[in-house]
Amino acid sequence: MKKKALVAFIAFLAGCLTVSAQRAADYLNGPFLDRLNKDASYTHLKATITAEFIHAQPGNWGEFVRGVDEDIKTGKKIIAFTFDACGGPKGSGYDAELIDFLRKEHVPATLFVTGKWIDANFSTFLTLSKDTLFEIENHGLNHRPCALDGESEYGIHGTANAASAFDEVEANARKIEALTHRRPVFYRSATAFIDEACARMTEKLGIQTISFQILSGDAVPYTPAKVIERNVIDHVSPGAIVIMHFNRPAWNTCEAMRLIVPQLRKMGYQFVKLEHFKLVGKAVRRSSIP
Ligand SMILES: [Zn+2]
(Lines give C-alpha, C1' and ligand atoms only; values in the text may rest on other atoms or scores of the structure.)
Protein backbone atom coordinates (compact mmCIF):
# COMPACT_ATOMS: atom_id res chain seq x y z
CA MET A 1 0.00 0.00 0.00
CA LYS A 2 2.79 2.36 0.97
CA LYS A 3 4.60 1.55 -2.25
CA LYS A 4 1.43 2.23 -4.22
CA ALA A 5 1.02 5.61 -2.56
CA LEU A 6 4.63 6.48 -3.35
CA VAL A 7 4.20 5.50 -7.02
CA ALA A 8 1.03 7.61 -7.21
CA PHE A 9 2.83 10.58 -5.62
CA ILE A 10 5.74 10.31 -8.09
CA ALA A 11 3.27 10.13 -10.99
CA PHE A 12 1.53 13.23 -9.61
CA LEU A 13 4.85 15.13 -9.39
CA ALA A 14 5.81 14.07 -12.91
CA GLY A 15 2.41 15.29 -14.12
CA CYS A 16 2.94 18.68 -12.43
CA LEU A 17 6.37 19.05 -14.04
CA THR A 18 4.96 18.20 -17.46
CA VAL A 19 2.18 20.78 -17.04
CA SER A 20 4.60 23.53 -15.96
CA ALA A 21 7.04 22.68 -18.80
CA GLN A 22 4.15 22.87 -21.26
CA ARG A 23 3.04 26.19 -19.76
CA ALA A 24 6.58 27.60 -20.11
CA ALA A 25 6.66 26.43 -23.76
CA ASP A 26 3.29 28.07 -24.47
CA TYR A 27 4.55 31.43 -23.25
CA LEU A 28 7.83 31.50 -25.19
CA ASN A 29 8.03 34.74 -27.20
CA GLY A 30 7.48 33.02 -30.58
CA PRO A 31 4.31 30.99 -29.83
CA PHE A 32 2.92 33.76 -27.61
CA LEU A 33 3.28 36.41 -30.35
CA ASP A 34 1.77 33.98 -32.89
CA ARG A 35 -1.29 33.65 -30.65
CA LEU A 36 -1.56 37.41 -30.17
CA ASN A 37 -1.48 37.91 -33.93
CA LYS A 38 -4.60 35.73 -34.16
CA ASP A 39 -6.34 37.60 -31.31
CA ALA A 40 -8.71 40.29 -32.60
CA SER A 41 -8.24 42.54 -29.54
CA TYR A 42 -4.51 42.63 -30.31
CA THR A 43 -4.66 42.87 -34.10
CA HIS A 44 -7.28 45.66 -34.10
CA LEU A 45 -5.24 47.76 -31.68
CA LYS A 46 -2.04 47.02 -33.63
CA ALA A 47 -3.68 48.11 -36.91
CA THR A 48 -4.98 51.34 -35.34
CA ILE A 49 -1.68 52.27 -33.71
CA THR A 50 0.39 51.31 -36.75
CA ALA A 51 -1.82 53.43 -39.03
CA GLU A 52 -1.41 56.38 -36.68
CA PHE A 53 2.40 56.17 -36.52
CA ILE A 54 3.32 54.78 -39.93
CA HIS A 55 4.14 58.22 -41.36
CA ALA A 56 5.18 59.87 -38.07
CA GLN A 57 8.59 61.46 -37.68
CA PRO A 58 10.64 59.61 -35.03
CA GLY A 59 11.76 62.91 -33.45
CA ASN A 60 14.68 63.00 -31.04
CA TRP A 61 16.42 59.79 -29.99
CA GLY A 62 17.80 59.40 -26.48
CA GLU A 63 17.29 58.45 -22.85
CA PHE A 64 15.67 61.73 -21.80
CA VAL A 65 13.54 62.76 -24.76
CA ARG A 66 10.08 64.26 -24.58
CA GLY A 67 7.57 61.84 -23.07
CA VAL A 68 10.11 59.97 -20.91
CA ASP A 69 10.12 60.29 -17.11
CA GLU A 70 13.13 59.88 -14.90
CA ASP A 71 12.23 61.03 -11.37
CA ILE A 72 9.59 60.64 -8.71
CA LYS A 73 7.97 64.01 -8.03
CA THR A 74 8.59 64.42 -4.29
CA GLY A 75 10.48 66.40 -1.67
CA LYS A 76 10.69 63.34 0.57
CA LYS A 77 13.83 61.32 1.03
CA ILE A 78 12.77 58.35 -1.04
CA ILE A 79 14.69 56.52 -3.71
CA ALA A 80 13.61 53.84 -6.20
CA PHE A 81 15.97 51.06 -7.14
CA THR A 82 15.15 49.59 -10.54
CA PHE A 83 16.84 46.45 -11.85
CA ASP A 84 16.68 45.36 -15.50
CA ALA A 85 16.82 41.81 -16.82
CA CYS A 86 17.76 42.17 -20.48
CA GLY A 87 17.92 38.58 -21.75
CA GLY A 88 19.48 37.15 -24.90
CA PRO A 89 23.08 38.17 -25.67
CA LYS A 90 22.80 40.93 -23.05
CA GLY A 91 22.48 38.29 -20.34
CA SER A 92 19.81 35.80 -19.30
CA GLY A 93 21.38 35.07 -15.93
CA TYR A 94 19.74 35.52 -12.55
CA ASP A 95 21.51 37.29 -9.69
CA ALA A 96 20.06 35.20 -6.84
CA GLU A 97 22.51 36.66 -4.33
CA LEU A 98 21.27 40.19 -5.09
CA ILE A 99 17.59 39.22 -4.82
CA ASP A 100 18.30 37.38 -1.54
CA PHE A 101 20.04 40.51 -0.23
CA LEU A 102 17.04 42.71 -1.12
CA ARG A 103 14.73 40.26 0.64
CA LYS A 104 16.90 40.04 3.74
CA GLU A 105 17.18 43.82 3.98
CA HIS A 106 13.52 44.42 3.04
CA VAL A 107 14.50 46.70 0.17
CA PRO A 108 11.59 46.98 -2.30
CA ALA A 109 12.55 47.20 -5.97
CA THR A 110 11.07 47.52 -9.43
CA LEU A 111 12.16 44.79 -11.85
CA PHE A 112 12.09 45.52 -15.60
CA VAL A 113 12.04 42.22 -17.49
CA THR A 114 12.08 41.27 -21.16
CA GLY A 115 10.11 38.44 -22.71
CA LYS A 116 13.44 36.82 -23.60
CA TRP A 117 14.57 36.82 -19.99
CA ILE A 118 11.23 35.33 -18.88
CA ASP A 119 11.73 32.56 -21.47
CA ALA A 120 15.08 31.63 -19.89
CA ASN A 121 13.89 31.97 -16.26
CA PHE A 122 10.23 30.98 -16.33
CA SER A 123 9.77 29.55 -12.82
CA THR A 124 12.07 32.17 -11.24
CA PHE A 125 10.02 34.89 -12.93
CA LEU A 126 6.77 33.47 -11.55
CA THR A 127 8.25 33.31 -8.04
CA LEU A 128 9.48 36.92 -8.23
CA SER A 129 6.11 38.12 -9.51
CA LYS A 130 4.39 36.67 -6.43
CA ASP A 131 6.75 38.45 -4.02
CA THR A 132 5.15 41.75 -2.92
CA LEU A 133 8.61 43.22 -2.29
CA PHE A 134 8.95 43.50 -6.07
CA GLU A 135 7.06 45.27 -8.83
CA ILE A 136 7.30 43.70 -12.30
CA GLU A 137 7.53 46.12 -15.22
CA ASN A 138 8.17 45.96 -18.96
CA HIS A 139 11.64 46.00 -20.60
CA GLY A 140 10.38 44.92 -24.05
CA LEU A 141 9.66 41.58 -25.70
CA ASN A 142 13.04 41.07 -27.40
CA HIS A 143 15.24 43.76 -25.84
CA ARG A 144 15.13 45.96 -28.94
CA PRO A 145 15.39 49.73 -28.36
CA CYS A 146 12.01 51.21 -29.30
CA ALA A 147 12.35 53.09 -32.60
CA LEU A 148 10.20 53.89 -35.63
CA ASP A 149 13.14 53.60 -38.02
CA GLY A 150 15.60 50.96 -36.77
CA GLU A 151 17.84 53.44 -34.93
CA SER A 152 20.39 51.56 -32.82
CA GLU A 153 22.35 52.11 -29.61
CA TYR A 154 25.37 50.31 -28.12
CA GLY A 155 25.29 48.06 -31.21
CA ILE A 156 21.74 46.87 -30.55
CA HIS A 157 19.34 47.39 -33.45
CA GLY A 158 16.10 49.13 -32.56
CA THR A 159 12.71 48.11 -33.86
CA ALA A 160 12.38 48.77 -37.59
CA ASN A 161 8.92 50.31 -37.84
CA ALA A 162 5.69 51.16 -36.00
CA ALA A 163 4.35 47.59 -36.09
CA SER A 164 7.49 46.07 -34.56
CA ALA A 165 7.70 48.89 -31.97
CA PHE A 166 4.10 48.05 -31.03
CA ASP A 167 4.95 44.33 -30.63
CA GLU A 168 8.05 45.12 -28.55
CA VAL A 169 6.03 47.08 -25.99
CA GLU A 170 2.47 45.73 -26.11
CA ALA A 171 3.23 42.01 -26.58
CA ASN A 172 5.51 41.99 -23.55
CA ALA A 173 2.94 43.93 -21.50
CA ARG A 174 0.37 41.24 -22.40
CA LYS A 175 2.82 38.41 -21.72
CA ILE A 176 3.56 39.77 -18.23
CA GLU A 177 -0.14 40.36 -17.59
CA ALA A 178 -1.04 36.83 -18.73
CA LEU A 179 1.50 35.36 -16.31
CA THR A 180 1.04 37.68 -13.31
CA HIS A 181 -2.55 38.99 -13.67
CA ARG A 182 -1.20 42.56 -13.46
CA ARG A 183 -0.58 44.74 -16.51
CA PRO A 184 2.72 46.61 -16.24
CA VAL A 185 2.33 50.39 -16.05
CA PHE A 186 5.92 51.36 -16.89
CA TYR A 187 8.20 50.57 -19.80
CA ARG A 188 11.95 51.05 -20.04
CA SER A 189 13.22 50.65 -23.58
CA ALA A 190 16.22 48.36 -24.11
CA THR A 191 19.35 50.51 -23.51
CA ALA A 192 16.85 53.17 -22.22
CA PHE A 193 17.08 54.88 -25.64
CA ILE A 194 13.79 55.58 -27.43
CA ASP A 195 12.50 58.04 -30.00
CA GLU A 196 9.83 60.63 -29.19
CA ALA A 197 7.21 59.05 -31.43
CA CYS A 198 7.58 55.69 -29.66
CA ALA A 199 7.30 57.41 -26.26
CA ARG A 200 4.00 58.87 -27.53
CA MET A 201 2.96 55.42 -28.73
CA THR A 202 3.48 53.88 -25.28
CA GLU A 203 1.32 56.64 -23.75
CA LYS A 204 -1.48 55.66 -26.10
CA LEU A 205 -1.13 52.12 -24.78
CA GLY A 206 -1.51 53.41 -21.21
CA ILE A 207 2.14 52.66 -20.45
CA GLN A 208 4.57 55.29 -19.13
CA THR A 209 8.09 55.20 -20.52
CA ILE A 210 10.80 55.83 -17.98
CA SER A 211 14.58 56.09 -18.01
CA PHE A 212 16.56 56.91 -14.83
CA GLN A 213 18.17 59.74 -12.92
CA ILE A 214 21.16 57.84 -11.49
CA LEU A 215 23.23 55.66 -13.81
CA SER A 216 24.84 53.19 -11.40
CA GLY A 217 27.32 52.00 -14.03
CA ASP A 218 26.83 48.35 -13.11
CA ALA A 219 26.25 47.44 -16.78
CA VAL A 220 29.84 48.22 -17.70
CA PRO A 221 31.25 44.71 -17.15
CA TYR A 222 33.03 44.23 -13.85
CA THR A 223 32.81 47.84 -12.70
CA PRO A 224 34.16 47.71 -9.11
CA ALA A 225 31.54 47.81 -6.37
CA LYS A 226 33.20 50.94 -4.93
CA VAL A 227 32.70 52.81 -8.22
CA ILE A 228 29.02 51.81 -8.42
CA GLU A 229 28.64 52.88 -4.79
CA ARG A 230 30.08 56.36 -5.50
CA ASN A 231 27.95 56.75 -8.64
CA VAL A 232 24.83 56.29 -6.51
CA ILE A 233 25.79 58.01 -3.25
CA ASP A 234 27.33 61.07 -4.94
CA HIS A 235 24.23 61.70 -7.07
CA VAL A 236 21.41 60.82 -4.70
CA SER A 237 18.50 63.23 -4.27
CA PRO A 238 14.87 62.89 -3.18
CA GLY A 239 12.84 60.88 -5.69
CA ALA A 240 15.79 59.60 -7.72
CA ILE A 241 15.33 56.50 -9.87
CA VAL A 242 18.49 54.34 -9.96
CA ILE A 243 19.15 51.95 -12.85
CA MET A 244 20.87 48.63 -12.12
CA HIS A 245 20.65 45.02 -13.36
CA PHE A 246 19.79 41.62 -11.92
CA ASN A 247 20.63 39.44 -14.93
CA ARG A 248 24.44 39.37 -14.53
CA PRO A 249 25.38 37.50 -11.34
CA ALA A 250 29.11 37.78 -12.14
CA TRP A 251 28.96 41.59 -12.06
CA ASN A 252 29.30 43.62 -8.85
CA THR A 253 25.74 44.87 -8.41
CA CYS A 254 25.12 42.90 -5.20
CA GLU A 255 28.46 43.89 -3.63
CA ALA A 256 27.68 47.53 -4.44
CA MET A 257 24.20 47.28 -2.90
CA ARG A 258 25.75 45.96 0.32
CA LEU A 259 27.73 49.23 0.47
CA ILE A 260 24.93 51.53 -0.71
CA VAL A 261 21.90 50.45 1.33
CA PRO A 262 23.29 51.10 4.84
CA GLN A 263 24.65 54.52 3.80
CA LEU A 264 21.36 55.64 2.29
CA ARG A 265 19.52 54.48 5.41
CA LYS A 266 21.93 56.49 7.55
CA MET A 267 21.21 59.51 5.31
CA GLY A 268 17.49 59.07 6.07
CA TYR A 269 16.39 57.58 2.75
CA GLN A 270 13.55 55.11 2.37
CA PHE A 271 13.25 52.73 -0.57
CA VAL A 272 10.13 52.51 -2.74
CA LYS A 273 8.67 50.76 -5.76
CA LEU A 274 7.56 53.02 -8.60
CA GLU A 275 3.92 52.12 -9.02
CA HIS A 276 2.30 54.46 -6.49
CA PHE A 277 4.19 57.61 -7.42
CA LYS A 278 3.75 60.38 -9.93
CA LEU A 279 6.79 60.61 -12.16
CA VAL A 280 8.26 63.57 -14.00
CA GLY A 281 10.81 64.13 -16.73
CA LYS A 282 13.35 66.90 -16.27
CA ALA A 283 14.27 67.49 -19.91
CA VAL A 284 10.74 68.41 -20.99
CA ARG A 285 7.87 68.44 -18.53
CA ARG A 286 5.00 66.18 -19.39
CA SER A 287 2.55 69.11 -19.42
CA SER A 288 4.30 70.41 -22.56
CA ILE A 289 3.43 67.31 -24.59
CA PRO A 290 0.84 68.28 -27.21
ZN1 LIG B 1 18.37 45.98 -20.86
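Values computed for the structure shown
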quantity: Residue of 41, 129, 237 that the Gaussian network model of the chain assigns the largest fluctuation, springs spanning Cα pairs under 10 Å; calculated: 41
quantity: Taking the chain and dividing mean pair separation by its residue count, relative contact order in percent (alpha carbons under 8 Å, at least six apart); calculated: 28
quantity: Percent accessible area from carbon and sulfur atoms, the chain, protein chains only, probe 1.4 Å; calculated: 59
quantity: Environment charge at residue 273 (Cβ cut-off 11 Å; Lys +1, Arg +1, Asp -1, Glu -1); calculated: -3
quantity: Selected from 156, 214, 228 as most flexible by GNM, with the chain as the system and alpha-carbon contacts under 10 Å; calculated: 156
quantity: Highest-MSF residue in the chain out of 150, 93, 30 [GNM, Cα springs under 10 Å]; calculated: 30
quantity: Average accessible area per residue (Å²) across the chain - probe 1.4 Å, nucleic acids and ligands excluded; calculated: 46
quantity: Residue 234 - accessible surface, heavy atoms, 1.4 Å probe, Å² rounded to 10; calculated: 90
quantity: Computed accessible area, residue 186, all protein chains, 1.4 angstrom probe, square angstrom; calculated: 10
quantity: Spatial separation of Cα centroids for the range 237-265 and the range 218-234, in angstrom; calculated: 8
quantity: Point-charge dipole on Cβ atoms (K/R +1, D/E -1) for the range 60-172, about Cα centre, debye to 20; calculated: 300
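The values are calculated or read from the model by the stated rules, or taken from the named source; none is laboratory data. From a predicted model like this one, the values you see are computed outputs, not experimental measurements. Heads up, the Cβs are rebuilt from the backbone with ideal geometry, glycines too, and the neighbour counts pull from every protein chain shown. Only protein heavy atoms, including side chains, enter the accessible area calculation; ligands, DNA and RNA are left aside. Shrake-Rupley method; radii C 1.70, N 1.55, O 1.52, S 1.80 Å.
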